[in-house]
1. Could you list, in sequence order, the residues of the stretch 111-135 that are over 20 Å from V12 (Cα atoms) and either outside any loop (DSSP other than H, G, I, E, B) or aliphatic (A, V, I, L, M) (or both)?
2. Could you list, in sequence order, the residues of the stretch 51-66 that are open to solvent by less than 20 Å² (accessible area, probe 1.4 Å) and either over 17 Å from P141 (Cα atoms) or of a type in the set (F, W, Y) (or both)?
3. Determine which single condition A99 fails, assuming it passes every other condition in (1) open to solvent by 60 Å² or more (accessible area, probe 1.4 Å); (2) more than 20 Å from V12 (Cβ to Cβ); (3) without any contact (Cβ under 8 Å) to a residue 60 or more places away in the chain; (4) touching a helix residue (DSSP H, G or I) at 6+ places or on another chain (Cβ under 9 Å).
4. Suppose we filter the stretch 22-50 for residues that are under 18 Å from the mean Cα position of the chain (by Cα), surrounded by fewer than 12 Cβ atoms within 10 Å (Cβ to Cβ) and not in a helix (DSSP H, G or I); how many remain?
5. Being at pLDDT 95 or above, β-branched (V, I, T) and out of contact with any helix residue (DSSP H, G or I) (no Cβ under 9 Å at 6 or more places or on another chain) is the filter here, so list the residues in the stretch 3-60 that pass it.
6. Does at least one position in the stretch 151-160 carry a residue that is outside any loop (DSSP other than H, G, I, E, B) and surrounded by 13 or more Cβ atoms within 10 Å (Cβ to Cβ)?
7. Across the stretch 118-131, what is the number of residues that are open to solvent by 70 Å² or more (accessible area, probe 1.4 Å) and within 23 Å of D6 (Cβ to Cβ)?
8. If Y84 satisfies every condition in (1) among the hydroxyl-bearing types (S, T, Y); (2) open to solvent by 10 Å² or more (accessible area, probe 1.4 Å); (3) at pLDDT below 95 but one, which is the exception?
Amino acid sequence: MNLFIDTTTKYVSIIVFDQNGVERVIQYEGNNDHTTTIYQHLAEIDLTKLQAIYVTSGPGSYTGVRIGVLVAKTLAHELHIKLYAINTLELFYNGTSRAVLLDARGKKYFKYDGTDFSQIAYDDVTSEFIIDSYVDASWLPNNNITSQFQEVSPLELKIEYLKEAI
């Protein structure tokens, strides 16, 4: 079994899956409390059965990204299992196949169109997909999506902050 963690937005996704499908989905809207809630939800999962951890490494909420990445790094290190990371914008792009936007604060959005990262003004937002939802659990058993994650050592995983996204 594999564990997926995304805490880059106000939404938290914890998904247990393998190539055959999704076993467990825990998703909730955080209230600036990812630090205190994520552990109680992880306690509901048999971590000893995990073979790999998949995590979004940002960009996103400064604190939110740090929480998800820290939990993933710690679990992968302590359980001696593989760790895979993906840029949040790339994951949502791969799931939707259209340009995605992430709030960059200050009436700006970070945009990824499958090729380039850019920053656009709030007034320039048209039909692009704004990331304001949970990760779709059905994306994860899809090898076309999980193959986009990069294997990384827990000690070397770096966070992609909003300012570094472009």
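1. Filtering the stretch 111-135 down to residues over 20 Å from V12 (Cα atoms) leaves 111-128.
Hits for the stretch 111-135 are K111, Y112, F117, S118, Q119, I120, A121, Y122, D123, D124, V125.
2. Across the stretch 51-66, the qualifying residues are S57, G58, P59, G60, G64, V65.
3. Only one criterion in (1) open to solvent by 60 Å² or more (accessible area, probe 1.4 Å); (2) more than 20 Å from V12 (Cβ to Cβ); (3) without any contact (Cβ under 8 Å) to a residue 60 or more places away in the chain; (4) touching a helix residue (DSSP H, G or I) at 6+ places or on another chain (Cβ under 9 Å) is unmet by A99, namely (1).
4. Adding up the residues that qualify gives 4.
5. Scanning the stretch 3-60 gives a single hit, I45.
6. Step one: of the stretch 151-160, the residues outside any loop (DSSP other than H, G, I, E, B) are 151.
Now drop any that are not surrounded by 13 or more Cβ atoms within 10 Å (Cβ to Cβ), which leaves none.
Scanning the stretch 151-160, I find no residue that is outside any loop (DSSP other than H, G, I, E, B) and surrounded by 13 or more Cβ atoms within 10 Å (Cβ to Cβ), so the answer is no.
7. Step one: filter the stretch 118-131 for residues open to solvent by 70 Å² or more (accessible area, probe 1.4 Å), giving 119, 122-124, 126-127.
So of that shortlist, the ones also within 23 Å of D6 (Cβ to Cβ) come out as 119.
Residues meeting the conditions: 1.
8. (3)
The values are calculated or read from the model by the stated rules, or taken from the named source; none is laboratory data. Remember, predicted model here, so these are calculated numbers, not experimental data. Glycine also receives a Cβ, built like all others from the backbone with ideal geometry; neighbour counts cover every protein chain displayed. These accessible areas exclude ligands, DNA and RNA; they are computed on the full protein's heavy atoms, side chains included. Shrake-Rupley method; radii C 1.70, N 1.55, O 1.52, S 1.80 Å.
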